[in-house]
Amino acid sequence: MTALREGSPRIVRREDYAPPAYWIDSVDLTFDLDPAKTRVLNRMRVRRNPDVPAQPLRLDGEELNLARVLVNGQGTSFKMDGGQLVLEALPEGTEPFELEIFTTCCPEKNTQLMGLYVSQGTFFTQCEAEGFRRITYFLDRPDVMATYTVTLRADKAKYPVLLSNGNLVDSGDLDGGRHYARWEDPHRKPCYLFALVAGKLVCRSQPIISRSGTEHLLQIYVRQADLDKTEHAMQSLMAAIAWDETRFGLPLDLQRFMIVATSDFNMGAMENKGLNIFNTKFVLANPATATDVDYANIESVVAHEYFHNWTGNRVTCRDWFQLSLKEGLTVFRDQEFSQDMAGSPSARAVKRIEDVRVLRTAQFPEDAGPMAHPVRPDQYAEINNFYTVTVYEKGAEVVRMMQTLVGREGFARGLKLYFERHDGQAVTCDDFAQAMADANPDSPLAQHLEAFKRWYAQAGTPRVRAQGQFDPERGTYTLTLRQSCPPTPGQPTKAPFVIPVAMGLLDHQGHALPGTERLVVLHEPETTVVFDGLQAAPIASLLRGFSAPVILEHDLSDDELLVLLAHDTDPFNRWEAGQQLALRRALAAVRAAGPVHEPLDGAFLEAMRAVLRHPALDAAFKELVLTLPAETYIAEQLDEVDPQRIHAVREAMRRQLAHALHDDWVWAYEQHKDNGAYRPDAVSAGRRALTGLALHMLCLAARDNGNPVWPGKTYQRFKDATNMTDRYQALSALVTAGHELGQRALAQFHDRFHAEELVLDKWFALQAGAPDRDGDALPRVQALLQHPDFNLRNPNRARSLISTFCHANPAGLHRADGAGYAFWRDRVLEIDAFNPQVAARLARALDRWRKLAEPYRSAARAAIEAVAAHEGLSTDVREVVSRALA
Ligand code: PHE
Ligand code: ZN
C-alpha cells in the first residue's frame, strides 16, 4: 500500500480491469514465526490463463526479503520491477507448475498493521485489501482464488495457540521447545481472506447443531483477562447463524468458526474465512465495562462479519471497485438482522433512525465533498481510502431500495438466484443487480434495471422536491416530485435516478387517509401522482422509512410538521418531522445577525414536551426525538459555515430545552432510572438512554441556575451505578455541562478503570469531545496527548483522543486562530510516518474546508497545503489532501 512513497501515485482505473494472466490453484504456506524475522515458505500450483495472451508472471510484494525462487524444484531467473517479482522463463503450455518462493519479513516492525504484525506479543494478520503481498509474493487480487494449506511453527511457551483458516488437520511438538499446527481450508478463497494468529490466548467454545443437524464448533479467542467479556459476542454469533438460516436459507459451511480479538487493529473487524479477526472494541463486553451502544455494536459487527461468509467469501468481488458488492449487501444484512433482533415495530424504527442518522451526518457530507465517489468508484490511488460510508452505508441503501422494489420475498428469491449463479466466483455489482431483477421479472426493478444501476455509477445525493396542489372543486390532490442531483468531482451532469418514494396522506387532524399509501417509483426528472376523493387538503408524509437516500425538500408548514410529529403512522417520519422543525429553527438563528438569543418558540417546546410525556411512545424513540440535529448536519444545510455560530446556536437550543422542560426532565429521569439487573435489550437500553439525556439536560440547567441539586444527584448516580451505561452517562452529563464535579468523577473513573483499555478509550474520548468553552478544548486535548496512558501507536487510543476531537468537536477544532488546524496537520503527519491508513482517515476531518467562512477557510487551507507539501507523504494521505485541494 505504501510502496510508492515518492512521485505521483499510480491511479488504478476500473475500466482497465483485465483477467489475470495466471491462476493459482493451491497454496501451501509454512511459517516459522519469529517477531524479528519470520520465514515464509510459499509453494503454489500455478497455471497460465489460456484466455489471456502469454506474458510474464508478475507477483506483488511489499517489504519482503526474497531468499529463493524455484520453478518445479529448479532455480530460475527473475527480475524485480517496482516491487513486483517478475518471472519470464516459465514452462510453456497451460499445465500447472510448482512455484516455490521463500521470503522473510519483520512482524515486530510492522507498524501499519497490514500483513503479519505483532500486538501485545501475539501474531496477527490483516490482508484486506492488499496486505497479503506483505506476507509473500502473490497475485494479490480478489479474482485469484485458491485452496490453502498452512503450517505454523513457533515457540510453544510463547505461542501456545496456533490458528489459521479452515480445519486443524495436524499438530505436535518440535525440537527446541517449538511446536506446529497444520490447517487446511477446503474452500477456495482470494488471498485477502487468509489469516493466521499465534499467541497466548484462551477461548470460549460453543458447540452448536444447525437446523439441518450438522455439528459445528464456535470459538472466541481472547487474552485470559478478557474471557469474562465474551458471552455477548457468542450470543450474537449464535443469533446471526440462526438468522441467516431462517431468513435466507444460508447455513454455516465450516466445522469450525473462530473469532479472535486484538487491541491493535486499523478497522472494526475482518471476515477472514473461518477465522474472523476483530478489534477488541467489537467483541469484549460485560455490564461493568461496556455500554448499551457497545453491546449493540458488537451484535451488529459480529453478525456483519459472519454474514460475509456468504456475501463476500462464497461469492467475492472481481476487483476492488466492486467492494460494495460485499460491503453494501452485508451492511444491509446486518441492519436487517439488528432490526429483527430489536423486535417491536417501534424498536425496529429506532434502529432505522439510527442508521439514517449515520448516513446523513457522515455519508451525505462525503457525497457533497471532495472525496465524493460513486458506490462503485471509477478510480483510486489507494484502495484503503475507499472503505467509506458511501461504499458501506450508501451501498446498503441501494440494496435496501432493491428490496423495497421487489418486496421481502422477492429479495430472498433474488439472493437465492445470485448464489445459484455465482457460488465460488468473483463477480461484479452488475451480476448482483441482474440476479435480483431476473428473480423478479415483473418488478419495477426489472423494468428500470439499467436506470436503477445509476446508483452504482453516479455520485452525489439526489434531491427530490415535492409540491402538492389541492383542488377543492374536484377533491383531488396532485403531488409533483422533481429530482435533481448536484455535480460531483468528474461528474458535471447526472441522469435521473430510480427513486422509490414510500408515502401516505393524513388529514389535518392527523388521521391517516385510507387508500393513500403508495410506493411511487420515480425514474424521470418529474413525476406527478394524483389522489382523488378528498374532502380537504391533506398532509403528505413522504419518503416513509427513508425509502431512498435522497434529500427531500417539501413545502410543509410548521403546523403540518407538528401534525406529522404527533400523529404519523410512520415512526420514522414522526421523528423526521421533529428534526425538520428543529433544523428550521437552528438555521434561522444561524443566519440571523447579532447575538444568539432563544431559537426555540413555544409551539416547538410544547411539541417536545408532548413527545417526552407521551404515554404510549417508547423511551428510545423519545430520546431520538428530543436529541437535536448534530452540528455537522446543520452545517451541511448551509453554503457558508461558521462552526462557532452553529455551536452557539445549538447550545442555546439545548439550554432552552433544558430549562423549559425542566420538570419534564425530572419526571423522565424518575420514571426511567430504575431498570433492575443489567440486560442489553432494546427496551431497557432505551430507558437508560432517556435517563442519560435527562441527566444531561438537568446538569445543563443547573449550570445556569447554580443549583447544586442535580449535579449532586448525577454524581451520586455515577458512584452508585451498577453498569457502565449508567455510570458513563452520569459522568458525561457532568463533564459535558462543565460542572466541577465532572473533574472529580473523571479522576475516580480513571482510578477505577485504568487497567481496562476500552474503558480508558472512553475516558479519552469523552474529554476530547466535551464542548469547547472559551477555547478550552484544544489545550485539554494537547495535555491529554502527554498523559502516560496515551499511546499514539494504538489505533483505538489515537482515535479516541485525536479523531474524536477532529471529527466530533467542531467548535474545538475550528478556532479563529487556526491552532486547531495546526494540531490536525501535526497529528496527520506524525501518524502518517508509521500508519498511513489511520492517518488518511484523520486527514478527512477537513474535507469540507471550502464551505468554511473566513478566517477558518484560509487557515484550514494553509494546514492542508502544509500536509500536501510534506516530503515522503504516503499514497493514502496524498490522495486525500490532493483531492481536498483540487
Ligand atoms: N472487510 C471488513 C468489513 O467490513 C473491513 C476491513 C477492511 C477490515 C479492510 C480490515 C481491512 O467487515
Ligand atoms: Zn464488511
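The 3J(HN,Hα) values that the Karplus relation (6.51, -1.76, 1.60; θ = phi - 60°) gives for segment 350-367 are, in residue order, 4, 5, 4, 4, 4, 5, 5, 4, 4, 4, 6, 8, 10, 7, 4, x, 4, 6 Hz. Gly and Pro appear as x. Note on segment 27-109: percent of Cα-Cα distances in each 10 Å bin, starting at 0 and stopping at the bin with the largest distance, equals 17, 47, 28, 7, 1.
Computed on the Cα trace of segment 543-646, the radius of gyration divided by the Kirkwood hydrodynamic radius gives Rg/Rh = 0.97.
If you model segment 374-441 as an ellipsoid using its alpha carbon gyration tensor, with each semi-axis the square root of five times an eigenvalue, the axes come out at 24, 15, 9 Å, biggest first. Ordering T388, V880, V144 by the projection of their Cα atoms onto the charge dipole of the chain, which places +1 on the Cβ of Lys and Arg and -1 on the Cβ of Asp and Glu, puts V880 at the extreme positive end. Approximating the spin labels as points 7 Å out from Cα along Cα→Cβ, the L227-to-A457 distance works out to 5.7 nm.
Structural descriptor for the chain: relative contact order 9 percent, calculated from alpha carbon pairs under 8 angstrom and at least 6 residues apart. When each of the peptides 724-737, 599-612 is scored by how many other beta carbons lie within 10 Å of its residues on average, the order from highest to lowest is 724-737, 599-612.
Using only side-chain charges placed at the Cβ, +1 for Lys and Arg and -1 for Asp and Glu, the dipole size of segment 730-870 relative to its Cα centre rounds to 440 debye.
For segment 135-203, how big is the tail of P(r) above 19 Å, as a whole percent of Cα pairs?
The proportion of pairs with Cα distances above 19 Å equals 38 percent.
Across segment 33-170, the volume of the C-alpha convex hull divided among the residues equals 131 Å³ per residue. Principal semi-axes of the equivalent ellipsoid, √(5λ) from the alpha carbon gyration tensor of segment 316-442, are 23, 22, 11 Å from largest down.
Computed over the alpha-carbon atoms, segment 154-194 gives an Rg to Rh ratio of 1.07, Rh here being the Kirkwood radius from the mean inverse distance.
Sorting 707-714, 47-54, 158-165 by their mean Cβ neighbour count within 10 Å, with the most densely packed peptide first, gives 158-165, 707-714, 47-54. Restricting attention to the chain, close to 80% of DSSP beta bridges with both partner residues there are antiparallel. Nearest 10 degrees, 0 to 90: what angle lies between the long axis of helix 571-591 and the longest principal axis of the chain (Cα atoms)? The answer is roughly 80 degrees.
Please give the charge dipole size of the chain, origin at the Cα centre, charges +1 on K and R Cβ atoms and -1 on D and E Cβ atoms. Round to the nearest 20 debye. Charge dipole of the chain: 1080 debye, to the nearest 20.
Taking every Cα-Cα distance in segment 814-872 and sorting them into 10 Å bins from zero, the calculated P(r) comes out as 25, 56, 19, 1 percent.
Could you tell me what a quarter of the Cα convex hull surface of segment 201-283 works out to, in nm² with one decimal place?
So the mean shadow area of the Cα hull is 5.4 nm².
Between the residues A67, L87, I101, the greatest Cα displacement towards the positive end of the dipole of segment 65-121, with unit charges on the Cβ of Lys, Arg, Asp and Glu, is found for A67.
At a 10 angstrom cut-off on C-beta neighbours, averaged per residue, how do the peptides 29-35, 300-306 rank from highest to lowest?
By packing density, highest mean first, the sequence is 300-306, 29-35.
About its Cα centre, the dipole of segment 660-753 is roughly 280 debye, where the only charges are +1 on Lys and Arg Cβ and -1 on Asp and Glu Cβ. Remark: spin-label model distance R609-D776 equals 3.2 nm, labels positioned 7 Å along the Cα→Cβ axis. Applying 1/(1 + (r/R0)^6) with r as the Cβ-Cβ distance of A677 and Q535 and R0 = 45 angstrom yields a FRET efficiency of 0.25. Note on the chain: semi-axes of the ellipsoid equivalent to its C-alpha gyration tensor, largest first and rounded to whole Å, are 46, 33, 27. Along each principal axis, taking the top coordinate minus the bottom one, the Cα set of segment 721-793 gives 35, 31, 16 Å in descending order. Could you tell me how many degrees, from 0 to 90 and to the nearest 10, lie between the Cα long axis of helix 231-248 and the main elongation axis, the longest principal axis, of the Cα atoms of the chain? So the inclination is approximately 90 degrees. At q = 0.17, 0.21, 0.24 Å⁻¹ the log10 of I(q)/I(0) for segment 748-840 amounts to -0.70, -1.03, -1.27, computed by Debye summation with a single uniform scatterer per C-alpha, solvent ignored.
Between the residues T246, A862, A368, the greatest Cα displacement towards the positive end of the dipole of the chain, with unit charges on the Cβ of Lys, Arg, Asp and Glu, is found for A862. Axis of helix 757-769 versus longest Cα principal axis of the chain: the two differ by about 40°, to the nearest ten degrees.
Bear in mind that the values in this text are calculations on the coordinates, not laboratory data. All of these numbers come straight from a predicted model, not from anything done at the bench. Positions of Cβ are backbone-derived with ideal geometry, glycine not excepted, and every protein chain shown enters the neighbour counts.
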